[in-house]
């Protein structure tokens, strides 16, 4: 719902413009090109310029089936020009699944984010995989934005996304407060570990519900998370 509220606010203040929800896939001279040869998926959770410093701080969620790939990507990013620092915030590793949360600080000049901000666009999301950066933006100046991007990037894909359909998908798979509590309780109890630390009986007792009720709630949580993941990949064609 956070996405919906921000888009609606943006639409209210820019209602005189014709707004478009775009999916862009771009290639340019940035560390993202290393993912062409590295088996990793990068979700840029946030990327924010720090006022008056000339740098931006980003939070990256890197997923890969192998830890060595994550370490290799970290090394390449750390050595890329303009990158001031790369830090490991947290890491989760299981069989065939490694997720690392990284914090980066780098010089902020040029690039896709700069072009987006120059044209008063709303930056929604960025994913990186296979050497491509996938950007999702709401803009009232699609022509100007794409023109500036093409000055220093190869724009591979430009697709108009149905904003209402995207918003409905996001709202449909958002967890309720109760479902978030159930998910946290199961995660903290090691329910998703292999072998499991504790089973449904233990978790149900902690939450004060029956085993049947807990299993129904867990199925709802897992279904929503699965739909969210599948919806994400629908956009990464």
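Here are the numbers for the structure shown:
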| quantity | calculated |
| --- | --- |
| Between region 172-206 and region 111-167, the Cα center-to-center distance that results, in Å | 37 |
| Computed lengthening from residue 107 to residue 216, 0.36 nm per intervening residue step minus Cα-Cα distance | 34.4 nm |
| Calculated FRET efficiency for the pair residue 50/residue 187, C-beta based, R₀ 41 Å, to 0.05 | 0.80 |
| Paramagnetic reach from residue 194 in region 44-70 [backbone N under 20 Å; point 7 Å along Cα→Cβ] | 63-70 |
| Relative contact order of region 2-167, pairs being alpha-carbon contacts under 8 Å that are 6 or more residues apart, as % | 34 |
| Extension reserve of the residue 27-residue 71 stretch, reckoned as 0.36 nm per residue once the Cα distance is removed | 13.6 nm |
| Highest average packing first - 117-125, 95-103, Cβ atoms within 10 Å | 117-125, 95-103 |
| At R0 = 22 Å, FRET efficiency that the Cβ-Cβ distance of residue 230 and residue 207 yields, to 0.05 | 0.20 |
| Distance in nm between pseudo-label sites at residue 95 and residue 175 (7 Å out along the Cβ direction from Cα) | 2.4 |
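A short reminder: the numbers here are calculations on the coordinates, not readings from a lab. All figures in this text were calculated on a predicted structure; none of them were measured in a lab. Don't worry about glycine lacking a Cβ; one is built from the backbone with ideal geometry, like all the others, and counts go over all protein chains shown.
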